[in-house]
Structure formats: C-alpha cells, structure tokens
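Reading through the structure tokens given below for one structure.
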There are 2 protein chains.
Amino acid sequence: MKPHLLVTAVQQSCGADRQTNLDFSIAKIHEAAAAKADLVVLPELHLGPYFCQNEDVEHFTLAQAIPGPSTAILSAAAKTAGVVVVSTLFEERAPGLYHNTAVVFDKDGSIAGKYRKMHIPDDPGFYEKYYFTPGDLGFKPIDTSIGRLGILVCWDQWFPEAARLMALAGADLLIYPTAIGWDLQDSAEERQRQLEAWVICQRAHAVANGIPVVACNRIGFEAAPDAGRGILFWGNSFMAGPQGELLERANETDNRLLTCRLDLARGKRVRQIWPFLRDRRIDEYGGLCKRFLDAD
Amino acid sequence: MKPHLLVTAVQQSCGADRQTNLDFSIAKIHEAAAAKADLVVLPELHLGPYFCQNEDVEHFTLAQAIPGPSTAILSAAAKTAGVVVVSTLFEERAPGLYHNTAVVFDKDGSIAGKYRKMHIPDDPGFYEKYYFTPGDLGFKPIDTSIGRLGILVCWDQWFPEAARLMALAGADLLIYPTAIGWDLQDSAEERQRQLEAWVICQRAHAVANGIPVVACNRIGFEAAPDAGRGILFWGNSFMAGPQGELLERANETDNRLLTCRLDLARGKRVRQIWPFLRDRRIDEYGGLCKRFLDAD
C-alpha cells in the first residue's frame with residue numbers, strides 16, 4: 001500500500017458510438033497518467049449509452065467476454081500509461097449468463113481482478129435484472145500494486161453491508177463506478193433529495209469504515225429508446241476522506257477529470273480515534289443475514 | 001402506527017443538580033405535550049453531567065434500578081402529559097452489573113420497553129466500558145401506542161448494522177439519545193469534520209433504511225473532574241426524513257425543543273421507490289458476523 005494515492009475519476013457523458021467512447025476512455029487514462037495519477041476510475045458501463053432503460057434482447061450483443069476485445073485495449077492503455085484502471089463492462093460469461101462487471105487493470109496491464117456487481121436494481125428506466133445476473137464473486141477487494149481496492153458498482157452504494165464487507169476484507173478505499181440520474185418528471189425538490197441521499201450515503205460508508213470513497217458517475221441526458229422518459233445522469237462525482245469529509249465534488253453538467261490525493265495513512269489514524277471495528281457486536285448481527293425479522 | 005407523528009427532541013445542558021435536571025425534563029415533557037407532541041426524546045443520561053469523563057467507583061452510586069425512583073417520576077409525567085417519552089438512565093441491574101439504558105414510557109405511563117446500549121465506547125473522556133456492560137436485549141424496537149420505536153443510543157449511531165437490524169425488525173423510526181461533543185484541543189477543522197460525520201452517518205441510516213431519524217444531543221461545556229480536558233457537547237440535534245433529508249437541525253449552543261412532524265406513510269412510499277430491502281444479498285452477508293475477514 002502506498003501512503004498516498006493520486007486518484008482520478010473520469011466524469012463524462014457516454015455517446016452512441018462505442019469506438020468514440022473507448023477512444024475517449026483511453027485518452028483520459030493517458031491524460032490522468034500524465035498528471036501522475038496512480039489510479040483512474042471510469043464510470044459504470046462507459047462504453048455506451050446506459051442500455052438498461054428498456055428490455056431488448058438485441059442489447060445482449062453489446063456484451064463481451066472478460067478477457068476480451070475491450071479488456072485487451074484497456075489493458076494495453078493501462079500498461080502504456082503505467083496506471084491502475086477501473087473499467088466496468090457488460091460481461092458475457094456464457095450464452096444466457098451476463099454480469100455487470102468491474103475490471104481492474106494493474107500498471108503492468110494485467111487484470112488484477114474483477115468484481116461482479118452484487119446488488120442489481122430494477123426500477124422504471126433501470127431494468128438491470130433483465131440483463132445482469134447478480135454477482136457470485138462476493139464482496140472481495142482486489143489487490144493491486146497500489147493497494148487493495150474495494151470496488152463496488154452503482155446500486156451497491158446504497159447498501160452499508162457491501163461497504164462494511166469490503167472494509168473487513170481489508171480494502172484501502174471504496175470505489176463506486178456509477179450510472180445514476182434523474183427522472184425529469186420528478187420535482188426539483190425530489191431530485192435534490194435523491195442526489196443528496198446518494199452523496200451522504202456514500203460519505204457515510206467512509207465514516208463508518210474509516211476509509212476514503214471515490215464515486216464516479218456519468219453526465220448527460222440519454223433519451224429512452226421506447227416509451228420511457230429518459231434519464232438525466234446527475235454527475236456529482238466526488239471523493240471523500242476517511243471521516244466522510246468531501247475532498248472534491250464535480251457539478252452535474254461537466255465532462256471533467258476529478259483528481260484528489262488520498263492520504264491512506266490518515267485512514268489508519270481515524271480508525272484509532274474512532275475504533276468502530278473494535279466494538280462491532282458480531283454476537284448480535286445474525287439478523288443481518290435474514291430477509292426481514294418478522295415477529296413469527 | 002399513526003401516519004404522522006409530532007416528535008420533540010429536548011436539546012439541553014445538564015447541570016450538577018440531579019433534581020433540577022429531572023424537574024427540567026418533566027417541564028419539557030409537559031411543554032411538548034401542550035404543543036401536541038406524540039413523542040418526547042430526552043438526551044442520553046439527562047439526569048446529570050456526563051460522568052464517564054473519568055473512572056470513579058463513586059459514580060456507581062448514580063445508578064438506579066429500572067423500574068426505580070426516576071422511572072416512577074418519568075412514568076407519572078408521561079401519563080399526566082399523555083405523551084410517549086424516551087429517557088436514558090444509568091441502570092443498576094445487580095451489584096456490579098450496570099447498563100446505559102433507554103426506557104420508553106407509553107402515554108398511559110407504563111414502561112413500553114427498554115433498550116440497553118449495545119455498542120459501548122471507550123475513548124479518552126468517554127470511559128463507558130468501565131461503567132456499562134454492553135446490552136443483552138438485542139436490537140429490538142419497542143412497541144408503543146404511536147408506533148414501533150427503534151431506540152439506539154449514542155455510540156450505536158456509528159454502526160449501520162444497528163440501524164439495519166432495527167429496520168428489519170420493523171422500526172417505524174430511529175431515535176438516538178446522545179451525549180457527544182468536542183475535545184477543544186482539536187482544531188476547528190477537525191471539530192467540523194467530526195460534527196458533519198456524525199450528522200451524515202445518521203442521515204445515511206435514514207437513507208439506507210427508508211425511515212426517519214431523530215438525534216437528540218446535549219449542549220454545554222462540562223469540565224473534567226480530574227486531569228481531563230472536558231467536553232463541549234455539540235448539540236446539533238436534528239431530525240431527518242426517510243431519504244435522509246434534513247427536516248430540522250438545532251445549533252450547538254441553545255437549549256431548545258426541536259419539533260417536527262414526521263410523515264411515516266412517506267417512508268413506505270420511499271421504500272417502494274428505493275427498494276433496498278428487496279435486493280439485500282443475504283446469501284453473501286455472513287462475513288458481517290466476523291470480527292475481520294483476514295486472509296488466513
């Protein structure tokens with residue numbers, strides 16, 4: 001583990017042309033590396049528009065094996081740039097078996113590991129249960145040359161259990177590639193509540209676990225391919241320190257590289273000041289493995 | 001469960017005279033009830049100064065049985081005022097066996113239930129492990145005439161597990177009587193980080209569980225009885241709705257009644273929009289009952 005990490009989150013829109021998106025990702029990897037980044041995080045499913053706005057069997061053609069053609073290109077970019085890269089891809093594991101999968105490339109271009117999104121949403125406009133089988137690799141951080149990365153993806157960010165399990169497994173930081181946005185038919189007040197809930201929920205994972213958090217979201221309006229209302233992805237990518245303190249936060253409209261220097265040694269100190277891990281009542285947490293604690 | 005609850009949190013300083021403190025609590029119970037409150041929450045250990053700033057065997061004389069003399073008075077007040085009351089007391093369960101215990105009085109003056117603080121801190125100035133045995137009643141909400149109350153106490157607020165277990169057991173809201181403050185030798189920046197971490201961590205419990213949160217803290221500087229540096233209790237009592245949205249927040253200096261109308265029906269709607277309970281990966285949460293997930 002390095003005591004400090006320079007981390008870059010790539011907040012971006014994702015257009016219809018996949019090659020353009022891939023070229024953009026490669027360019028940003030090199031740009032971040034030129035600025036000495038140790039780690040570059042790309043948003044969830046950054047190779048194209050968010051295709052889960054409807055259920056369309058044709059969209060399965062977008063999936064690919066891991067390793068596969070896209071990982072080959074990203075791997076080469078990580079190696080050339082000499083930077084660790086987190087990419088989230090639509091994984092074809094077998095015919096009829098697909099995942100939403102984060103892949104971590106180490107600086108030497110090797111695949112350090114992958115994380116298959118464990119919590120899969122399904123809401124109007126976010127029909128992910130149709131496309132993605134819930135992950136079966138568990139909540140396991142991925143070891144790299146710069147540290148142990150606790151990768152979680154989008155919907156996972158609402159579950160304190162996921163963050164905790166990554167921390168208990170020794171993650172040095174939590175990383176959330178994301179594709180989340182607004183339904184423009186919601187009121188301005190509701191949209192604000194949703195955005196702030198998303199921010200504080202992830203900042204609280206930092207607090208509860210004494211580790212930094214990186215959230216990388218896309219921006220831009222993407223129209224629905226059918227009768228849906230479309231999604232305005234809300235950006236607001238941010239990084240927080242181990243007390244949940246905001247280090248940097250993007251706005252909702254701009255393509256940008258969000259770069260922070262994360263002090264991993266400070267997290268160790270914070271855990272000494274706030275020794276939550278010392279006091280967890282593991283003898284009384286069995287109910288967390290239940291769906292609900294009905295009276296009967 | 002009532003669809004709406006008018007909830008009052010009593011943010012207050014706690015002086016050296018216990019009778020004065022008790023009289024103050026009774027007066028505030030009546031004042032809140034006169035304003036139609038359904039529920040009055042008093043800060044943690046509101047009968048006196050925060051005595052855990054040092055380890056002194058004489059302080060055990062402050063403990064009392066539950067039910068006991070203080071609960072008799074609070075019970076009568078709850079009945080006369082016709083309001084549900086949450087009080088946190090130093091419980092003597094047996095010689096040599098003490099707890100930090102929240103007692104819930106229903107509107108008829110009966111004791112609806114008690115919650116013994118499960119997570120016990122121990123930090124310079126907060127030597128609670130000396131005084132309090134960790135609770136053995138589990139994370140069980142308390143049924144009252146106005147709803148099922150998820151009472152948790154102070155240090156519990158940093159543990160998402162506690163909030164989740166209360167929610168899974170059907171709590172309608174989470175209530176945190178608290179005594180937390182600053183070491184004035186910490187920098188202004190550190191104090192601000194601590195306060196904001198405390199607020200967002202509890203707001204995030206509301207988000208993750210789709211239920212309102214009530215936090216009730218004390219105010220005022222209390223000098224240490226020995227070589228300690230004393231604690232400036234930071235107030236900032238607040239209530240948040242089921243998306244973590246702040247409804248009301250007190251400042252750090254004022255005695256005040258913080259009153260909000262909590263819409264419990266909205267929590268149900270929020271859980272339909274954000275169905276986190278639907279998607280929890282209970283098949284993969286076993287590690288939460290481990291101390292740490294060491295590689296070996």
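The values are calculated or read from the model by the stated rules, or taken from the named source; none is laboratory data. These numbers come from a predicted model, not from an experiment. Note: ideal-geometry Cβ built from the backbone for every residue, glycine included; neighbour counts use all protein chains shown. What goes into the accessible areas is simple: the full protein's heavy atoms, side chains included, and nothing from ligands, DNA or RNA. Shrake-Rupley method; radii C 1.70, N 1.55, O 1.52, S 1.80 Å.
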Residue count, the range B:163-176 (criterion: under 15 Å from A:Gly286 (Cβ atoms) and either more than 8 Å from chain A (Cβ to nearest Cβ) or of a type in the set (Lys, Arg) (or both))
2
Subset of the range B:283-296 [facing chain A (nearest Cβ under 7 Å), open to solvent by 40 Å² or more (accessible area, probe 1.4 Å) and outside any helix (DSSP H, G or I)]:
B:Lys290, B:Arg291, B:Phe292, B:Leu293
Conditions (1) out of contact with any Leu (no Cβ under 8 Å at 6 or more places or on another chain); (2) at pLDDT 95 or above -> B:Tyr176 fails only (1)
So, of the residues in the range A:143-157 that are surrounded by fewer than 21 Cβ atoms within 10 Å (Cβ to Cβ) and within 11 Å of chain B (Cβ to nearest Cβ), which turns out to be farthest from A:His4 (Cα to Cα)?
A:Asp143
Select the strands (runs of 3 or more DSSP E) contained entirely in the range A:105-204, then report the ones holding at least 2 residues which are in contact with a Pro (Cβ under 9 Å, 6 or more places away or on another chain).
A:111-116, A:147-151, A:173-177
Among the residues of the range A:237-259, which ones are out of contact with any helix residue (DSSP H, G or I) (no Cβ under 6 Å at 6 or more places or on another chain) and open to solvent by less than 10 Å² (accessible area, probe 1.4 Å)?
A:Ser237, A:Phe238, A:Met239, A:Gly241, A:Ala250, A:Leu258
Quick check, is A:Phe51 aromatic (Phe, Trp, Tyr) and over 21 Å from A:Asn255 (Cβ atoms)?
no
For the range B:132-142, which positions are surrounded by fewer than 21 Cβ atoms within 10 Å (Cβ to Cβ) and either under 12 Å from the mean Cα position of the chain (by Cα) or more than 10 Å from every other protein chain (Cβ to nearest Cβ) (or both)?
B:Thr133
Among the residues of the range A:196-205, is there at least one that is modelled with pLDDT under 95 and facing chain B (nearest Cβ under 9 Å)?
no
What is the one condition in (1) closer than 28 Å to B:Pro275 by Cβ; (2) free of Cβ contacts under 8 Å to residues at least 40 places away in the same chain; (3) within 13 Å of another protein chain (Cβ to nearest Cβ); (4) more than 13 Å from the chain's Cα centre (by Cα) that A:Phe126 does not satisfy?
(2)
Taking the range A:186-237 only, how many residues are without any contact (Cβ under 8 Å) to a residue 40 or more places away in the chain and under 16 Å from A:Ala250 (Cβ atoms)?
1
Look at A:Ala265 and say whether it is out of contact with any helix residue (DSSP H, G or I) (no Cβ under 6 Å at 6 or more places or on another chain), in contact (Cβ under 8 Å) with a residue 60 or more places away in the chain and either under 23 Å from B:Trp158 (Cα atoms) or within 8 Å of chain B (Cβ to nearest Cβ) (or both).
yes
Output the number of residues of the range A:158-170 satisfying the condition of being of a type in the set (A, V, I, L, M) and either surrounded by fewer than 24 Cβ atoms within 10 Å (Cβ to Cβ) or at pLDDT below 95 (or both).
2
Within the range A:14-32, residues surrounded by fewer than 23 Cβ atoms within 10 Å (Cβ to Cβ) and either aliphatic (A, V, I, L, M) or touching a Pro at 6+ places or on another chain (Cβ under 8 Å) (or both) come out as A:Gly15, A:Ala16, A:Leu22, A:Ile26, A:Ala27
Would the range A:269-282 turn up any residue that is of a type in the set (S, T, N, Q), more than 8 Å from chain B (Cβ to nearest Cβ) and open to solvent by less than 60 Å² (accessible area, probe 1.4 Å)?
no
For B:Ala224, all conditions in the list (1) within 14 Å of another protein chain (Cβ to nearest Cβ); (2) surrounded by fewer than 24 Cβ atoms within 10 Å (Cβ to Cβ); (3) aliphatic (A, V, I, L, M) hold save one; what is the number of the exception?
(1)
